[in-house]
Amino acid sequence: MTERLTSSHADIARAAAILRAQGLIAFPTETVYGLGADARDGRAVARIYAAKGRPSFNPLIVHVADAQRARALGKWSDAAQALADAFWPGPLSLVLPLRKDAGLSDLVTAGLQSVAIRVPAGDLAQDLLRAFDGPIAAPSANPSGRISPTTAAHVLAGLEGRIDAILDGGACGVGLESTIIGLTGAVPTLLRAGGVPREAIEAQLGFALAHPESSMISAPGQLASHYAPNARMRLDAKDWREGELTLGFGQMECDLNLSESADLLEAAANLFGHLHLLDAMDGAQIAVAPIPQTGLGAAINDRLGRAAAPR
Ligand code: TXA
Ligand code: MG
């Protein structure tokens, strides 16, 4: 049985109590719904991998209420300070060298000597972090390899009965996961495109981000086929073919449109929801109109590329 909880004071307290008892709580952040557990407790964290059916080499993002708490987990730097000042709370995760005294379960970091940390902006996420008063490990609240959830209904469709409770905060505003920046090497590195555009980060730092030498090593969760609808995907489709389900962008005839006004923010917010809807129509193939590569378009195309990867 998965308890449904609301944003009421009593329900937030209930959610925090479940976390303290090694339970699993799905909760909304501004990016996507997270599947949270006490990041200091190995049993609790193990339940995340079990509920998701997630490969155990995937490290998880640790959520904290503010930058001060982040500094207790990862080794801080000038770049970390600049990015935290500019983008926290918000859809940005920083991978920092793990502090020896961080007190995190090493299941959270999957054995790495680094830790991904973020301060989420969603009101409910902040309320939960403050009520719990500890670090919450939370991957996206979907079964492994499936589309990230942006509503409580998406979460329950995949994880009903496998998690203790869900805090229902409606639809997520950003609709894409956080951007992940690696701060463990000489140069800040873009490990995953996401809710904060790369251009905004580079403007803040005053220099260009590096690309990982091998994303399979530094971001093992970035397996090519991570985001996978059941239908085949045909990307960058300039026309529609007979029998396809069609996902448009801009003014066009299509089954669903990411944004009729070609607004990338709107398209990002719609992306996972629309893929869920099209996938539920049980077609053999989903065709997707071209999406520009600028701003949030990079993250959208990254997600679509993963959804389309051979498997
Ligand atoms: O927006 C988000 O980031 C959402 C919400 C719930 O906060 N969370 C999320 O978590 O997307 P998840 O587990 O689905 O993705 C975590 C990503 C994975 O690609 C993982 O490999 C990477 O973060 N990651 C975590 N720790 C890492 C580390 N120490 N080094 C490199 N990559 C890391
Ligand atoms: Mg995920």
Q.
Report every pair of residues separated by at least 6 positions or lying on different chains whose Cβ atoms are under 9 Å apart, first residue within region 27-42 and closer than 18 Å to Arg162 by Cα, second at pLDDT 95 or above and of a type in the set (Ser, Thr, Tyr).
A. Phe27/Tyr33; Pro28/Thr150; Pro28/Thr151; Tyr33/Ser140; Tyr33/Thr150; Tyr33/Thr151; Gly34/Ser140; Leu35/Ser140
Q | strands (runs of 3 or more DSSP E) contained in region 1-74 and holding at least 3 residues at pLDDT 95 or above and within 12 Å of ligand 1 (Cβ to nearest atom) | A | 25-28, 33-38, 61-63
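Condition first: closer than 21 Å to Ala267 by Cβ and buried (at least 20 other Cβ atoms within 10 Å of the Cβ). Now tell me which residues in region 163-192 satisfy that.
Cys172, Val174, Gly175, Leu176, Glu177, Ser178, Thr179, Ile180, Leu190, Arg192
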Q | Subset of region 115-153 [at pLDDT 95 or above and over 20 Å from Val62 (Cβ atoms)] | A | Thr150, Thr151, Ala152, Ala153
Q. Can you find a residue in region 105-112 that is in contact (Cβ under 8 Å) with a residue 12 or more places away in the chain and in a strand (DSSP E or B)?
A. no
Q: Would you please list the contacts, defined by Cβ atoms under 8 Å and residues six or more apart or on different chains, that run from a residue in region 78-89 that is assigned by TED's automatic domain parsing to the domain that holds Gly182 and surrounded by 15 or more Cβ atoms within 10 Å (Cβ to Cβ) to a residue that is among the basic types (Lys, Arg) and outside any helix (DSSP H, G or I)?
A: Trp88/Arg118
Q. For region 122-145, what are the residues that are of a type in the set (A, V, I, L, M, F, W, C) and under 13 Å from the mean Cα position of the chain (by Cα)?
A. Ala137, Ala138, Ala141
Q) Hey, any hits in region 179-192 for a residue that's modelled with pLDDT under 90 and within 16 Å of ligand 2 (Cβ to nearest atom)? A) no
Q) In region 152-161, what residues are within 16 Å of ligand 2 (Cβ to nearest atom) and buried (at least 17 other Cβ atoms within 10 Å of the Cβ)? A) His154, Val155, Gly158, Leu159
Q: Take region 127-151 and flag every residue that is more than 16 Å from Gln22 (Cβ to Cβ), within 15 Å of ligand 2 (Cβ to nearest atom) and of a type in the set (Gly, Ala, Ser).
A: Ser140, Ala141, Ser144, Gly145, Ser148
Q) Going through region 193-205 one residue at a time, which ones are over 18 Å from Asp123 (Cα atoms) and within 16 Å of ligand 2 (Cβ to nearest atom)? A) Ala193, Gly194
Q: For region 52-72, state whether one or more residues are within 14 Å of ligand 2 (Cβ to nearest atom) and among the hydroxyl-bearing types (Ser, Thr, Tyr).
A: no
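The values are calculated or read from the model by the stated rules, or taken from the named source; none is laboratory data. Keep in mind that this is a model prediction, so the values were computed, not measured. Neighbour counts run over all protein chains shown; Cβ positions are idealised from the backbone, glycine included.
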